[in-house]
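The values are calculated or read from the model by the stated rules, or taken from the named source; none is laboratory data. Just so it is clear, the structure is predicted and the values come from calculations on it, not from any experiment. Because the Cβ atoms are built from the backbone with ideal geometry, glycine has one as well, and the counts that use them run over all protein chains shown. Note: accessible area is taken over every heavy atom of the protein model, side chains too, but ligands, DNA and RNA are not part of it. Shrake-Rupley method; radii C 1.70, N 1.55, O 1.52, S 1.80 Å.
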Amino acid sequence: MKRRATLLAGLILCIASFPLMAETIRLGFNYPESGRYKNLGLQQRLAAFLAVNEINEAGGILGRDVELVIRNTTGSPERGAANTEELIREENVDMVFGGASSAVTIASGKVAKKLGRLYFGTTTSANATTGSEGHDHMFREYPNAWMTANALGHYLTENFGDANYFYVTADYTWGHSSEASLREFTNTTDTQKHPHALTPFPRALIRDFRKALETAEASNTDVVVLVLYGDDLVRALQVAYDMGLKDKVQIILPNITLGIAQAVGATILEGVISTTPWEWMIPYQLDFPRGQEFVEAFTQEYGVRPTSTAATAYDIVYEYKSAVERAGTTDTQALIKALEGHEYTLLKDRQQWRAFDHQNLQTVYVVRSKPRNQVLDDELRSDFFEVVGSLEGEKAAQTLEQWQAERAAAGKPPYL
């Protein structure tokens, strides 16, 4: 009788555990549905849903379906942080990812750490995200400002020698770190010889960009670096074109995405030089089959080409899946261990989640915008960029010593 009762109790416990075992894995997605970075947010959303649908059709993660729980940051750090708390406390998500602004990502990541969840940064480039503000619960997939500046600096130094630079910079975390990093790698740290103008963020007006660009034009510079992003960059490029400034100087951008290129247009963007970790044409130019599959699936599903901001969201969802399957659990501490030092390939060549700072090491590509007629030859009029240079992630990123120096300057310990 006792043996039968024990077996019955075990059976009941086993049956009761099935719903728990099959419980949906919930991913909190914190992105700008509105605001100046809304176009970047839309691409992230489309890619995240594509990845989740593919994973569920293939059996989920450890046999469990995956669900996206979304919130709109509006581009506000305060809203992003509040969203993160709500996603974790009320929606009980297993992890949170997103961001198209470094300030939003940093604020949101701090809340995730406090509440014991991972936060994956998508389109966040400020060095601070995995540098002075980095912590053990933050993983950043996108290259930081140091990496893009290093790749771009190599190219510019080789091709523009001792040119005079003028920086037009968004007055916030990403703008400051991007300008500082690019100055270092182009030997333009002398602010008297290579001046700058700051533009307000996040509420810059057309007149702010015009004033800054008129100052640049009056300086008789050779190179104008627009350290701007999203709608701000679109507006500044339009102003530069209307002023005829593009005919007088070389325009440089620290970062570019297909979405920004399409908003600006092929005529205005022609000849502009920038960097990107991924754009849809790169898997074809450099023969990355899995990247080509993503492009084709995304294009078929949505009727538009994916951008680098789409690729980073897609990569994060698949990397979370991979980490959970390697760890055999969604436990945050186990996933941190599974991610640290992990190398993989997905949409491009080799990538790695570096252990000491959780920065994703990956190749940064220097690209030049194609002539208008070549852009329009593509059936979706999206073939904007040709790769003119690159730098591998390990060579592009800060060393441990440089990273620790950044941490020390901010009064932070030399470890996460």
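What's the number of the only condition in (1) open to solvent by less than 10 Å² (accessible area, probe 1.4 Å); (2) within 22 Å of G389 (Cα to Cα); (3) assigned to a helix (DSSP H, G or I) that F298 fails to meet?
(2)
In the range 254-280, which residues are touching a Ser or Thr at 6+ places or on another chain (Cβ under 8 Å), of a type outside the set (D, E, K, R) and closer than 14 Å to V375 by Cα?
L258, G259, A261, Q262, A266, L269, G271, V272, W280
Taking the range 220-238 on its own, how many of its residues are at pLDDT below 95 and hydroxyl-bearing (S, T, Y)?
1
Could you please find all residues in the range 348-368 being crowded, with 16+ Cβ neighbours inside 10 Å and either of a type in the set (A, V, I, L, M) or over 20 Å from the mean Cα position of the chain (by Cα) (or both)?
Listed by number, the residues that qualify are L361, V364, V366, V367.
Output the number of residues of the range 127-139 satisfying the condition of being among the hydrophobic types (A, V, I, L, M, F, W, C) and surrounded by 24 or more Cβ atoms within 10 Å (Cβ to Cβ). Quick ask: steps written out before the conclusion?
Here is the first cut: in the range 127-139, the residues among the hydrophobic types (A, V, I, L, M, F, W, C) are 128, 138-139.
Adding the requirement that they be surrounded by 24 or more Cβ atoms within 10 Å (Cβ to Cβ) leaves 138-139.
Within the range 127-139, residues that are among the hydrophobic types (A, V, I, L, M, F, W, C) and surrounded by 24 or more Cβ atoms within 10 Å (Cβ to Cβ) number 2.
Considering only residues that are touching a strand residue (DSSP E or B) at 6+ places or on another chain (Cβ under 9 Å) and within 17 Å of T129 (Cβ to Cβ), look in the range 383-416 and name the one that is most open to solvent (accessible area, probe 1.4 Å). Step through it out loud before you land on a result.
Here is the first cut: in the range 383-416, the ones touching a strand residue (DSSP E or B) at 6+ places or on another chain (Cβ under 9 Å) are 384-394, 396-398, 403, 416.
Next, only the ones that are within 17 Å of T129 (Cβ to Cβ) stay: 393, 396-398, 403, 416.
On the way: G393: 2, A396: 0, A397: 10, Q398: 12, W403: 2, L416: 52 Å².
The extreme case among them is L416.
Take T307 and tell me if it is under 30 Å from E379 (Cα atoms) and touching a Gly at 6+ places or on another chain (Cβ under 9 Å). I'd like the intermediate steps shown before the answer.
On the way: under 30 Å from E379 (Cα atoms): yes; touching a Gly at 6+ places or on another chain (Cβ under 9 Å): yes.
Judged against the criteria, T307 is a match.
Anything in the range 161-175 that is at pLDDT 95 or above and open to solvent by 60 Å² or more (accessible area, probe 1.4 Å)? List them, or say none.
Answer for the range 161-175, where residues must be at pLDDT 95 or above and open to solvent by 60 Å² or more (accessible area, probe 1.4 Å): just D171.
Cβ contacts < 7 Å: first residue farther than 16 Å from N127 by Cβ and open to solvent by less than 50 Å² (accessible area, probe 1.4 Å), restricted to the range 181-192; second residue in a helix (DSSP H, G or I) and not polar (S, T, N, Q), any location; separation 6+ or different chain. Result?
T186/G153; T186/L156
Which condition does D331 not pass, out of (1) open to solvent by 10 Å² or more (accessible area, probe 1.4 Å); (2) among the acidic types (D, E); (3) under 29 Å from L182 (Cα atoms), if it passes all the others?
Result: D331 passes all but (3).
When residues of the range 100-126 are filtered for being modelled with pLDDT of 95 or more and open to solvent by 10 Å² or more (accessible area, probe 1.4 Å), how many remain?
Result for the range 100-126: 9.
Are any residues in the range 386-414 among the hydrophobic types (A, V, I, L, M, F, W, C) and under 15 Å from A151 (Cα atoms), and if so, which ones? Can you show your working first?
Start the filter on the range 386-414 by keeping residues that are among the hydrophobic types (A, V, I, L, M, F, W, C), which leaves 387-388, 391, 396-397, 400, 403, 405, 408-410.
Answer for the range 386-414, where residues must be among the hydrophobic types (A, V, I, L, M, F, W, C) and under 15 Å from A151 (Cα atoms): V387, V388, L391, A396, A397.
Tell me the residue from A107, A112 that is touching a strand residue (DSSP E or B) at 6+ places or on another chain (Cβ under 7 Å), within 30 Å of R89 (Cα to Cα) and either without any contact (Cβ under 8 Å) to a residue 60 or more places away in the chain or outside any helix (DSSP H, G or I) (or both), please.
Result of the check over A107, A112: A112.
Yes/no per residue for (1) open to solvent by less than 40 Å² (accessible area, probe 1.4 Å); (2) within 30 Å of T312 (Cα to Cα); (3) free of Cβ contacts under 8 Å to residues at least 60 places away in the same chain:
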| position | (1), (2), (3) |
| --- | --- |
| A204 | yes, yes, yes |
| A216 | yes, no, yes |
| T221 | yes, no, yes |
| L233 | yes, yes, yes |
| M243 | yes, no, yes |
| L253 | yes, yes, yes |
| I273 | yes, yes, no |
| P277 | yes, yes, no |
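Among the residues of the range 15-35, how many are over 16 Å from Y320 (Cα atoms) and either at pLDDT 90 or above or open to solvent by less than 60 Å² (accessible area, probe 1.4 Å) (or both)? Before you say what the answer is, go through the steps one by one.
So in the range 15-35, the residues over 16 Å from Y320 (Cα atoms) come out as 15-23, 31-35.
Retained after the next criterion (residues that are either at pLDDT 90 or above or open to solvent by less than 60 Å² (accessible area, probe 1.4 Å) (or both)): 17, 23, 31-35.
Residues that pass the stated criteria total 7.
Within the range 277-318, can you find the residues that are among the charged types (D, E, K, R) and within 19 Å of I70 (Cβ to Cβ)?
Of the range 277-318, the ones among the charged types (D, E, K, R) are 279, 287, 290, 293, 296, 301, 305, 315.
Listed by number, the residues that qualify are E301, D315.
Which of the following residues is in contact with a strand residue (DSSP E or B) (Cβ under 6 Å, 6 or more places away or on another chain) and over 29 Å from K321 (Cα atoms): V367, V375? Let's see the steps before the verdict.
Numbers: V375 fails: in contact with a strand residue (DSSP E or B) (Cβ under 6 Å, 6 or more places away or on another chain).
Just one listed residue meets the conditions, V367.
For the range 338-347, state whether one or more residues are hydrophobic (A, V, I, L, M, F, W, C), without any contact (Cβ under 8 Å) to a residue 60 or more places away in the chain, open to solvent by less than 30 Å² (accessible area, probe 1.4 Å) and farther than 17 Å from T122 by Cα.
yes
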